[in-house]
2 protein chains.
Amino acid sequence: MNSTIPAPGVAVLGCGTVGGATAQLLYSDEALIQERSGIPVRLKYIVDLDFSHARSLGLPESTFTSDLNAVLADPEVGIVVETVGGLTTAKDFFEKALKAGKHVVTANKALLAHHGPELMAVARENGTALSFEASCGGGIPVIRALTDGLLANRIDALYGILNGTCNFILTEMAEKGKQYEDALADAQADGLAEADPTLDVSGMDTAHKITIMASLAFGRRFDLESVPVEGIDTLDLMDVKFGAELGYVAKLLAVAERKSDGFSLRVRPAFISTEHPLAWIRGPFNAASIYGHRVGHTMYYGRGAGGSPTASAVAADIISAAHGIDGTRFHTLGLYQDRNKPEKQLPAGAITGRYYIRAMVFDRPGVLGTISSILGNHNISISSFLQKEPPEAGDGGRSLPIVITTHKTREEDLNGALEEVNKLEIVDGSCTMINIVDERPENLS
Amino acid sequence: MNSTIPAPGVAVLGCGTVGGATAQLLYSDEALIQERSGIPVRLKYIVDLDFSHARSLGLPESTFTSDLNAVLADPEVGIVVETVGGLTTAKDFFEKALKAGKHVVTANKALLAHHGPELMAVARENGTALSFEASCGGGIPVIRALTDGLLANRIDALYGILNGTCNFILTEMAEKGKQYEDALADAQADGLAEADPTLDVSGMDTAHKITIMASLAFGRRFDLESVPVEGIDTLDLMDVKFGAELGYVAKLLAVAERKSDGFSLRVRPAFISTEHPLAWIRGPFNAASIYGHRVGHTMYYGRGAGGSPTASAVAADIISAAHGIDGTRFHTLGLYQDRNKPEKQLPAGAITGRYYIRAMVFDRPGVLGTISSILGNHNISISSFLQKEPPEAGDGGRSLPIVITTHKTREEDLNGALEEVNKLEIVDGSCTMINIVDERPENLS
């Protein structure tokens with residue numbers, strides 16, 4: 001157990017979007033925070049090399065410094081906010097701050113997903129702690145649900161829409177019929193996507209988050225590299241539209257499930273029934289559904305990114321740190337990754353579920369018969385079938401989409417079947433396969 | 001600040017639905033809770049006069065006792081769960097437990113809404129604390145959002161669907177076209193409504209909850225008696241249906257808003273646009289939307305009642321109490337009612353908004369002209385108008401519904417106008433008026 005409560009002076013390392021918003025919140029709302037929390041939290045330093053953004057926010061020059069060592073030597077600074085981002089410098093600063101006995105608050109999911117257990121161990125060795133509410137779900141207090149509100153539950157599953165950029169793009173595609181590239185360009189124009197959107201649209205940002213959340217939910221250590229990840233960058237508008245006809249909404253879904261033979265973590269586009277609450281999440285909003293054996297289904301909704309909402313979560317951690325609450329939790333709960341052994345992660349093939357398959361076929365007689373007998377040979381039974389009339393009659397040279405949904409099947413059986421289907425001459429290119437995620441039964445104890 | 005962390009032995013007072021489920025959770029999941037929380041929380045006593053329910057749950061006889069004084073004298077009991085319910089005995093036991101220095105955890109919203117500040121003061125005098133996550137929103141950790149996750153925000157508004165019985169009944173009315181009485185009977189058959197459903201359907205249970213939540217959200221003291229409350233027991237299926245035609249869902253909505261001239265708390269049926277996340281909440285589920293000046297709109301969703309979900313919240317409080325975390329918060333935060341002065345509450349008439357009005361009129365020429373000129377005289381402008389064809393042509397003796405929606409207006413102006421309209425000979429009975437609640441702008445700082 002940590003013996004000391006950190007001093008309420010705060011140093012913010014890195015004055016980018018989140019660091020700037022955090023510094024601005026601490027500076028403008030100092031009186032509000034003291035009134036509400038009873039703690040005199042105070043912005044003491046902004047550590048960076050370039051202060052143009054800090055200046056544009058009207059932050060006080062007296063807090064600007066480039067001397068990290070001097071900041072870490074200041075006993076009035078008990079809490080360090082790491083908003084440098086990335087892996088290299090951030091990790092170096094993070095460790096220095098922990099070794100100086102500071103409580104570190106971060107929004108850096110990449111760093112935690114890659115090096116979480118190592119950093120937690122450094123914190124423990126130095127009698128301090130770290131907090132990372134802002135790393136998952138932006139302003140939504142979802143880390144707190146896992147480490148506090150739902151602590152008396154065995155968590156059975158997590159389903160998350162955890163990337164606002166992707167959800168904005170998918171909402172534009174579904175509701176306005178935009179092509180992926182156009183929706184992405186609009187997201188960039190609105191400041192909702194980076195110039196290089198790879199981390200978001202590839203699903204990797206979401207993979208970082210589900211790895212962190214699943215670790216706390218299940219009290220296990222998970223390996224980011226073993227999470228199957230697919231992004232939205234290969235998703236075809238045609239599939240979004242066909243899914244909608246079938247009553248499904250396409251979402252980039254992070255799933256973490258407890259199974260009888262291990263845990264399954266995965267990130268990929270999924271079709272969610274429009275009856276499921278996660279199907280309601282539109283635009284840049286995020287949400288996480290958490291299933292506990294006592295509480296059943298709970299869901300947490302809000303802005304998953306942006307300076308101000310993320311700063312709200314960082315500031316909540318600063319207050320909890322200054323109360324000694326986050327330190328108590330870090331040193332008492334059994335959920336943190338460094339306290340747990342690496343856990344068996346099931347490959348995507350081990351999942352059972354319903355699937356949507358779309359093949360482009362040349363309009364020849366017998367095509368459905370051929371495909372359905374291949375599926376049958378792999379023990380996959382068809383639930384529904386959809387074939388669109390060709391737009392121009394008699395255009396025999398063009399391939400046309402057929403859509404099949406399956407009953408519950410094991411994904412590796414389906415992979416085997418589709419490998420055969422893809423080899424058929426009547427099939428143009430490769431089939432598209434999307435998991436249909438049904439509403440999960442609550443199984444309340 | 002409280003100096004001691006309560007011993008992790010727990011006494012549950014009152015073994016009804018919630019008390020029984022809490023005792024059962026603590027007993028069955030003792031190892032799980034210790035593994036996750038790091039705290040050896042243990043069920044030590046069940047205090048009641050009748051143990052038939054406790055026996056039916058398989059709880060150990062060794063915990064059964066009727067001797068509250070002996071329980072309170074046991075130093076191994078640091079935490080007392082008050083699940084007696086009601087106001088009289090519960091309050092007596094609550095105070096005794098606090099005076100014995102125990103940390104008290106409760107789900108009793110009526111008690112807190114009526115006597116919260118008084119009980120908090122007793123806790124403070126005795127160097128102990130109280131926790132009440134389970135009092136609002138059942139298993140949803142929404143009290144924690146207000147006292148922890150959103151602490152760095154100025155909260156501007158709360159909107160809640162906080163009664164599962166009412167939401168189940170309204171969902172059945174809206175989706176299956178059931179009359180109120182039939183939907184209520186079905187809720188009773190499903191165990192979702194009490195034999196005497198008054199506390200739920202009158203809106204009073206919801207009023208208890210919004211009073212507690214608003215106090216924490218705004219850091220003010222509010223008076224339950226000054227909250228305008230209307231239930232769903234007078235809601236007509238016809239209005240639910242007309243609302244749906246206009247794109248609205250009828251919900252029993254609790255609202256607490258910060259206004260420039262005070263705070264408005266109210267509980268009544270409202271029409272919510274189907275675009276608003278709260279419109280999605282179906283069946284017995286609950287949700288609360290909380291708007292903070294940094295985080296924007298966040299929403300918390302889950303089961304608002306039932307033994308197991310409520311016990312999940314009670315157990316979260318027990319763990320936080322045993323960690324010393326709830327004690328720290330109770331003694332540090334400025335949000336608790338006993339630390340704040342009674343606050344000015346605005347009457348319902350002071351609200352401005354859009355309204356739905358339904359009048360039953362005798363089908364005479366000029367009726368709309370007469371009503372609209374009365375509204376005009378009170379500065380109320382009409383946004384839309386709906387008149388259904390009479391089911392049987394020429395049946396001049398029966399009154400027929402007309403529906404008017406207004407532009408934004410002050411409710412007291414509308415009340416004045418409707419008073420005049422109700423006096424018209426062409427109007428049969430009194431008009432029905434329902435507030436239309438639009439999605440709130442986030443106004444992020």
Exercise for the section: Name the long-range amide H neighbours of B:F385: under 5 Å, sequence gap of 5 or more, or other chain; modelled H, no Pro or chain starts. Expected result: B:T405
Handout entry: C-alpha center-to-center spacing [region B:5-21, region B:145-177] in angstrom
Key = 27 Å
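Percent relative contact order of chain A, based on C-alpha pairs within less than 8 angstrom and at least six residues apart?
Values: 971 pairs, mean separation 79.9, N = 445.
Computed over chain A, the figure is 18 percent.
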Problem - Cβ neighbours within 10 Å from other chains - mean over A:314-327 - result: 4
Handout entry: Other-copy label distances relative to B:G366, 7 angstrom Cα-Cβ extension, nm
Key = 8.1
Completion exercise
Scoring only Lys, Arg, Asp and Glu (+1, +1, -1, -1) among other residues with Cβ under 11 Å from the Cβ of A:L335 yields +2
Handout entry: Candidates A:K209, A:K259, A:K241, ranked by Gaussian network fluctuation over chain A, Cα under 10 Å, top entry
Key = A:K259
Problem - Projected label distance in nm at A:R354 and B:D182, using a 7 Å step from Cα toward the beta-carbon - result: 2.9 nm
Practice task
Give a residue-ordered list of calculated ³J(HN,Hα) values for region B:284-298 (Karplus: 6.51 cos²θ - 1.76 cosθ + 1.60, θ = phi - 60°; whole Hz; x for Gly, Pro).
Solution key: x, 6, 10, 7, 10, 9, 10, 10, x, 6, 9, 7, x, 8, 10
Fill in the blank from the handout: Output field shielding_mean for A:302-312 (other chain Cβ, 10 Å radius) holds 6
Fill in the blank from the handout: Once Lys and Arg are counted +1 and Asp and Glu -1 for all other residues with Cβ under 12 Å from that of A:A185, the total becomes -4
Handout entry: Counting DSSP beta bridges with both ends in the protein assembly as shown, the antiparallel % (nearest 5)
Key = 70 percent
Practice task
Can you tell me the FRET efficiency between B:E275 and B:K388 if r is taken as the Cβ-Cβ distance and R0 is 25 Å, rounded to the nearest 0.05?
Solution key: 0.50
Practice task
Quickly estimate the mean residue ellipticity at 222 nm for chain A, helices only: each DSSP H run with n ≥ 4 gives -39500 (n - 2.57), and the total goes over all residues, rounded to 500.
Solution key: -10500 deg cm²/dmol
Fill in the blank from the handout: With Cα coordinates, the longest principal axis of chain B makes an angle with the long axis of helix B:204-218, in degrees rounded to 10, of 70 degrees
Exercise for the section: Amide H neighbours of B:G78 under 5 Å, at least 5 residues apart or on other chains, H built in the peptide plane: list them. Expected result: B:A7, B:G9
Problem - Shielding by partners, peptide A:28-37 (average Cβ within 10 angstrom, other chains) - result: 5
Exercise for the section: Using DSSP, restrict attention to beta bridges with both residues in chain A and report what percent are antiparallel, rounded to the nearest 5. Expected result: 70 percent
Practice task
When a/c is below 1.5 the answer is rounded, else prolate if a/b is larger than b/c, else oblate, so apply that to region A:349-437 with a ≥ b ≥ c taken from the square roots of the Cα gyration tensor eigenvalues.
Solution key: prolate
Problem - Angle in degrees between helix B:164-176 and the longest Cα principal axis of chain B, rounded to the nearest 10 - result: 40 degrees
Exercise for the section: Read phi for every residue in region A:35-46 and hand back ³J(HN,Hα) as whole Hz from Karplus 6.51 cos²θ - 1.76 cosθ + 1.60, θ = phi - 60°, with x for Gly and Pro. Expected result: 4, 7, 9, x, 10, x, 5, 9, 6, 9, 9, 10
Handout entry: Copies compared at A:F64 - label distances in nm, ascending, label defined 7 Å from Cα in the Cβ direction
Key = 7.4
Practice task
In nm to one decimal, list the spacings between the A:E412 label point and its equivalents in the other copies, with label points set 7 Å along Cα to Cβ, shortest first.
Solution key: 7.3
Exercise for the section: Could you tell me how many degrees, from 0 to 90 and to the nearest 10, lie between the Cα long axis of helix A:307-322 and the main elongation axis, the longest principal axis, of the Cα atoms of chain A? Expected result: 50 degrees
Handout entry: A:D363 long-range amide H proximity, modeled H, under 5 Å
Key = A:L400
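None of the figures in this text is laboratory data; all of them are computed from the coordinates on show. In this text, all values refer to a predicted model and were calculated from it rather than measured experimentally. Methodologically, a virtual Cβ is constructed for each residue, glycine included, from the backbone with ideal geometry; neighbour enumeration extends over all protein chains shown.
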